[in-house]
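The values are calculated or read from the model by the stated rules, or taken from the named source; none is laboratory data. Note that this is a predicted model, so its numbers are computed, not measured. Here Cβ is always computed from backbone atoms with ideal geometry, including for glycine, and neighbour counts include all displayed protein chains. In case anyone asks, the SASA skips ligands and DNA or RNA and just uses the protein heavy atoms, side chains included. Shrake-Rupley method; radii C 1.70, N 1.55, O 1.52, S 1.80 Å.
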Amino acid sequence: MLTMNLEGLEMIAVLVVVVVFVKVLEQFGLLEAGYDDSVEDELELSAVRHRPEGLEQLEAQTRFSRKELQILYRGFKNECPSGVVNEETFKDIYAQFFPQGDASTYAHFLFNAFDTDHNGSVSFEDFVMGLSILLRGTVQEKLIWAFNLYDINKDGYITKEEMLDIMKAIYDMMGKCTYPVLKEETPRQHVEVFFQKMDKNKDGVVTIDEFIDCCQNDENIMRSMHLFENVL
């Protein structure tokens, strides 16, 4: 049961991403895995279709070490033998962790945030690039990633409708698991308050600069940015 109030709802969108990916890592066996080098993993990572060019490139592009990438790849390969994750897999993963709610809409939004090239699938490269930001990125990088999650149509702005869609998706997924139980009108009430706080120039949209500035001046959000930096 998660204790949550209206003021804390804005940070849940990103925290849910991280919490569930920690659970996914545990499911993959990655948090208990050893750090033995694997030549086979490295060769396969370089050669198999749907895989990025190799460990050296990913090591340069992320904040993971070579051994951590090998561990991540081993778990990803076990769960996703084809080398890619589709949207239905995302929905299945979230359904496991939120059986009392409907996680399908939030999983859809999250999948689109990880599918950076918008080809309908998340590759190992997409997975570790996103995970690197969420777990080890700077505050600025994490907030840019969160902005992209809220910016559903990817036009560079967040509208009140987009923010409401995300909040409704979170409510559908978590509402029955919170204490006190959130009322049906809670997401809309929250969006009205938080959107007005973010939309500094009152033009009806939130830019990335407005989003980052507002979040950086919110102590709760800033505290949440550092909660899961050492899970892997």
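I want to confirm something. Restricting to the range 51-85 and keeping residues that are in contact with a helix residue (DSSP H, G or I) (Cβ under 8 Å, 6 or more places away or on another chain) and polar (S, T, N, Q), which single residue is farthest from residue 123 (Cα to Cα)?
65
Among the residues of the range 59-85, write down those that are modelled with pLDDT of 90 or more and not in a helix (DSSP H, G or I).
62, 63, 64, 65 - these are the residues of the range 59-85 that are modelled with pLDDT of 90 or more and not in a helix (DSSP H, G or I).
Could you check the range 171-221 and list, in sequence order, the residues that are within 28 Å of residue 97 (Cα to Cα), open to solvent by 30 Å² or more (accessible area, probe 1.4 Å) and modelled with pLDDT of 85 or more?
Passing the criteria: 172, 188, 189.
Are any residues in the range 90-140 over 19 Å from residue 57 (Cα atoms), of a type in the set (A, V, I, L, M) and not in a helix (DSSP H, G or I), and if so, which ones?
Once the filter is applied, which keeps residues that are over 19 Å from residue 57 (Cα atoms), of a type in the set (A, V, I, L, M) and not in a helix (DSSP H, G or I), the range 90-140 yields only 103.
In the range 50-95, which residues are free of Cβ contacts under 8 Å to residues at least 24 places away in the same chain and polar (S, T, N, Q)?
Once the filter is applied, which keeps residues that are free of Cβ contacts under 8 Å to residues at least 24 places away in the same chain and polar (S, T, N, Q), the range 50-95 yields 57, 65, 89.
Every residue, every condition in (1) under 21 Å from residue 221 (Cα atoms); (2) surrounded by 15 or more Cβ atoms within 10 Å (Cβ to Cβ); (3) within 14 Å of the chain's Cα centre (by Cα); (4) acidic (Asp, Glu), yes or no:
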site	(1), (2), (3), (4)
88	no, no, no, yes
99	no, no, no, no
118	no, no, no, no
133	yes, yes, yes, no
155	no, no, no, yes
